[in-house]
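In what follows, a structure is listed as structure tokens, so that the remarks can point back to it.
Readers should treat all values here as calculations from the given coordinates under stated rules, not as data from a laboratory. As the structure is a computational prediction, the values presented were derived from the model and not from experiment. All Cβ positions, glycine included, derive from the backbone under ideal geometry; neighbour counts span all protein chains shown.
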Amino acid sequence: MASQTVTLQGHIIDSLILAKVLDTIVMLGGTFTLSEVAVGIKREDPSHATIRIEAPTTKLLQDILTTIQPHGAIVETEQDCTVAPAPANGILPEDFYATSHLSTQIRWQGNWIEVLQPEMDLAIVVKTTPLSAHMIPMGSVRKGDLVVTGRQGIRVFPLERPKERDVFGFMEAQVSSERPHRHIIADVAKRMKSIQKRRQEGNGSAKVLFAGGPAIIHAGGREALAWIIESGYIHILFCGNALAAHDMEASLYGTSLGYSLGIGRSVPHGHEHHLRTINRVREMGSIQHAVTSGIIKEGIMSACVRKSVHMVLAGTIRDDGPLPDVITDSIKAQEAMRAALPGVELALLVASTLHAVATGNLLPASVPTVCVDINPAVPTKLSDRGSFQAVGLVMDSSSFLRELARELGWKG
Amino acid sequence: MCAPDYFGIEYEINPWMRISNQSNGDCARTQWQALTRVLEQEIGANLEFMEPVPGLPDLVFTANAGVLHGGKAVPSRFRHPERQREERHFIDWFTRKGYEVIILDAEMYFEGAGDLLGFPEFWFGGYRQRSDIRAYDKLSTVFSKRILPVELVDQRFYHLDTCLCPLTGGELLYFPPAFDAYAQTVIASHVEQNKRFAVPPSEAERFACNAVCVDRHVVLPTGCPETMTWLNRHGYTPHPVQLDEFLKAGGSAKCLTLALD
């Protein structure tokens with residue numbers, strides 16, 4: 001498929017020039033995408049259109065261009081992207097190109113090549129043998145790496161509407177506590193079932209990512225989440241020290257941060273429970289060992305170990321312990337989270353501001369994402385940080401998880 | 001206007017021109033003088049003249065000098081090298097008369113009031129034969145005017161003023177087959193049907209549309225009875241002038257004049 005971008009400028013709307021150019025493209029066998037139309041505000045103001053033309057062959061594309069040029073279509077001259085070597089480890093060259101989380105291509109020696117794993121706020125490094133381009137965090141760049149600079153020879157593709165006609169098809173990060181939740185949760189469940197079915201049939205490696213905070217345990221979502229994991233619907237878990245610690249505290253003591261999950265009030269010396277839990281698991285060397293040795297018998301961590309869920313636990317300054325699995329170097333934690341992302345086709349960010357925003361920053365815009373929090377500021381913040389594809393759901397995490405589990409077949 | 005002292009068919013740059021079909025110098029002069037007389041005496045127009053230049057036979061067609069509006073002049077950029085030699089004479093004249101002269105880029109072909117004409121609210125810009133559509137984007141900015149480009153598809157009607165003539169009351173004479181379907185739609189959607197007169201082919205070929213409209217007077221070539229009847233019915237006084245010597249070069253009343261603003 002050959003393609004070329006052209007622009008049209010002037011009184012192109014009411015003179016039907018734009019219509020004529022578009023008709024001509026289609027009549028000759030090409031297709032077009034109107035990537036930008038700016039209509040003049042006052043009657044005498046000119047309008048502007050950017051049209052991306054695709055044709056099955058280069059020859060046909062050339063014919064189309066030759067035909068539409070007399071009607072004012074100006075062919076955007078394509079140039080290769082520019083690169084500069086990184087001056088030192090961890091330092092990007094001046095004028096480096098800062099990425100978005102949208103699908104991106106760069107032009108290298110006349111050819112457009114796909115930049116792998118889109119992620120926002122990174123740089124692009126080009127490797128020449130074999131030729132490839134990938135996004136890289138500032139800190140990971142090595143002296144001499146060829147880093148893309150400026151803006152020429154770079155094209156970014158707007159998000160296409162997904163083929164499935166569900167809540168993600170709207171791609172709007174509107175956040176409201178007053179929107180009905182039911183159909184959103186049903187759509188999430190439908191996606192999870194479809195991904196599980198494909199995996200069971202041996203088709204591909206699509207994954208569901210779950211990032212969550214400890215409120216899930218406090219609010220009573222633990223049982224439902226453990227069931228969802230046990231049923232094989234979740235393949236990657238991002239969390240911190242707290243979610244894991246309180247989940248295992250519940251397993252060992254029946255409390256969450258000292259509150260009895262059964263009777264709903266604090267128990268004597270309950271505030272020590274999570275410390276004793278962490279200490280116990282530290283003694284075992286890992287969460288995995290704590291589960292396989294039978295100390296932790298049920299719950300989220302136990303389900304994750306049994307179902308071989310890929311867990312990344314990222315630490316923070318407030319952490320007690322922490323648990324032995326927690327990565328305390330935040331750059332290393334970010335790298336581990338990034339490395340887990342290929343294949344993710346659905347992301348659920350539940351009851352955690354930090355993990356929701358951190359995960360949102362790492363995800364390509366093409367991954368359907370749901371952000372659930374009782375505080376509307378969290379999905380709003382996620383959307384403000386650029387994850388415009390995320391569907392925000394303002395509700396209690398426990399209600400969300402229980403309803404989701406029921407949609408998936410839970411009888412609890 | 002510019003006297004036809006050096007007018008003649010010296011090259012062929014439109015289907016009307018045949019070197020073998022030479023114009024008669026005396027006849028041309030008589031016809032041109034008749035036109036000036038009608039304009040000055042019957043209509044009361046004030047005429048200004050520029051000096052003819054030897055070797056520039058088409059300088060007589062001053063409609064192609066450029067476009068003037070609001071004290072600004074954009075001189076033509078001719079497509080054919082034969083006429084490009086006229087450009088500096090028109091630029092000199094505009095400059096001498098105190099216009100702010102704005103020069104278009106070379107190769108942004110634009111043939112002046114021959115291709116750009118219209119109403120106070122908007123203008124039509126003919127393209128494809130002589131002028132380049134891209135010029136209209138620039139001109140629209142220069143004059144703060146809405147310009148609707150219309151595609152000319154018949155080589156005989158190579159300038160917009162050979163197939164379209166806006167009248168002062170908002171009416172329009174035009175020859176629809178000279179335009180592509182999109183342009184016909186655009187013209188029809190901007191001028192009401194009862195204000196449009198589609199001149200018959202026989203009169204279009206006489207250059208009925210190459211008319212000069214001043215107030216309620218219309219100066220047009222002879223041999224256009226249906227157009228004259230329509231003009232009369234719509235409250236205009238037609239003034240037919242025999243201009244056949246100039247038709248040999250593909251021009252008539254309108255081509256021989258440039259409205260000064």
Legend entry - Karplus (6.51, -1.76, 1.60) ³J(HN,Hα), θ = phi - 60°, over region A:233-250, in Hz, Gly and Pro reported as x: 8, 10, 10, 9, 10, 10, 7, x, 4, 5, 4, 5, 5, 6, 5, 6, 4, 4
Inset, instruction - Tell me what chain A gives for mean residue ellipticity at 222 nm when only DSSP H runs of n ≥ 4 count, each as -39,500 (n - 2.57), the sum divided by the residue total, rounded to 500 deg cm²/dmol. - result: -9500 deg cm²/dmol
Inset, instruction - Could you tell me the largest-minus-smallest coordinate of the C-alpha atoms of region A:1-139 on each of the three principal axes, in descending order and whole angstroms? - result: 56, 38, 21
Inset, instruction - Scan around residue A:83 for amide H atoms under 5 Å from its own, H built in the peptide plane at 1.01 Å from N, and keep only partners 5 or more places away or cross-chain. - result: A:149
Legend entry - residue A:269/residue A:116 FRET efficiency (R0 41 Å; Cβ-Cβ; nearest 0.05): 0.20
Legend entry - Fraction of beta bridges assigned by DSSP in chain A that are antiparallel (%, nearest 5): 65 percent
Legend entry - Rg over Rh [alpha-carbon atoms, Kirkwood Rh] for region A:167-407: 0.95
Inset, instruction - Please list B:60-72, B:164-176, A:140-152, B:44-56 highest first by mean number of surrounding beta-carbon atoms within 10 Å per residue. - result: B:60-72, B:164-176, A:140-152, B:44-56
Inset, instruction - Provide the descending list of Cα extents for region A:284-352 along its principal axes, expressed in whole angstroms. - result: 31, 30, 22
Legend entry - Mean separation of Cα contacts under 8 Å (6+ apart) over length of region A:82-156, as relative contact order %: 44 percent
Inset, instruction - Springs between alpha-carbon atoms under 10 Å, Gaussian network over chain A: tell me which of A:274, A:48, A:289 tops the mean-square fluctuations. - result: A:48
Inset, instruction - Could you run the Karplus curve 6.51 cos²θ - 1.76 cosθ + 1.60 with θ = phi - 60° over region B:198-207 and give me ³J(HN,Hα) per residue in whole Hz, x for Gly and Pro? - result: 7, 5, x, x, 4, 7, 4, 6, 7, 6
Legend entry - Rg over Rh [alpha-carbon atoms, Kirkwood Rh] for region A:82-156: 0.92
Inset, instruction - Provide the percentage of antiparallel DSSP beta bridges, counting only those with both residues in chain B; round to the nearest 5. - result: 45 percent
Legend entry - Lys, Arg +1 and Asp, Glu -1 on Cβ, resulting dipole of region B:25-247 about Cα centre, debye, nearest 20: 360 debye
Legend entry - Leading residue at positive end of dipole, the protein assembly as shown (Cβ point charges), from A:337, A:274, A:5: A:274
Inset, instruction - Express the C-alpha Rg of region B:25-247 as a ratio against the empirical globular expectation 2.2 N^0.38 Å, rounded to two decimals. - result: 0.98
Inset, instruction - Given the options A:192, A:27, A:284, state which has the largest fluctuation in a GNM of chain A using a 10 Å cut-off (strictly under) for Cα springs. - result: A:27
Legend entry - Prolate/oblate/rounded label for region A:289-412 (Cα gyration tensor, a/c 1.5): oblate
Legend entry - Alpha-carbon centroids, region A:44-114 and region B:103-164: separation in whole Å: 31 Å
Inset, instruction - Taking only Cα atoms and a 10 Å spring cutoff, compute GNM fluctuations for chain A and point out the largest among A:340, A:133, A:88. - result: A:88
Legend entry - Flagged links, alpha-carbon separation over 27 Å, of A:190/A:411; B:145/B:248; A:307/A:411; A:20/B:72: B:145/B:248; A:20/B:72
Inset, instruction - Hey, could you grab the Kirkwood Rh for the protein assembly as shown? Inverse mean 1/r over distinct alpha carbon pairs, Å, one decimal. - result: 30.9 Å
Legend entry - residue A:77-residue B:188 FRET efficiency (beta carbon distance; Förster radius 45 Å; 0.05 resolution): 0.75
Inset, instruction - Taking only the C-alpha atoms, wrap a convex hull around region B:155-261 and report its volume per residue in Å³ as a whole number. - result: 99 Å³
Inset, instruction - Give the cross-link partners of residue A:127 among the lysines, using a straight C-alpha distance below 30 Å as the criterion and excluding same-chain residues fewer than 8 apart. - result: A:143, A:207, A:332
Legend entry - Alpha-carbon centroid distance for the pair region A:202-274 / region A:303-369, whole angstrom: 15 Å
Inset, instruction - Let me know the mean shielding of B:170-183 by other chains, meaning the per-residue number of their Cβ atoms within 10 Å of its Cβ. - result: 1
Inset, instruction - Decide, for region A:2-75, between rounded, prolate and oblate: order the square roots of the alpha carbon gyration tensor eigenvalues as a ≥ b ≥ c, take rounded if a/c falls under 1.5, and otherwise choose prolate if a/b is larger than b/c, else oblate. - result: prolate
Legend entry - Top positive-direction residue, dipole computed over the protein assembly as shown with Cβ charges, set A:50, A:322, A:240: A:322
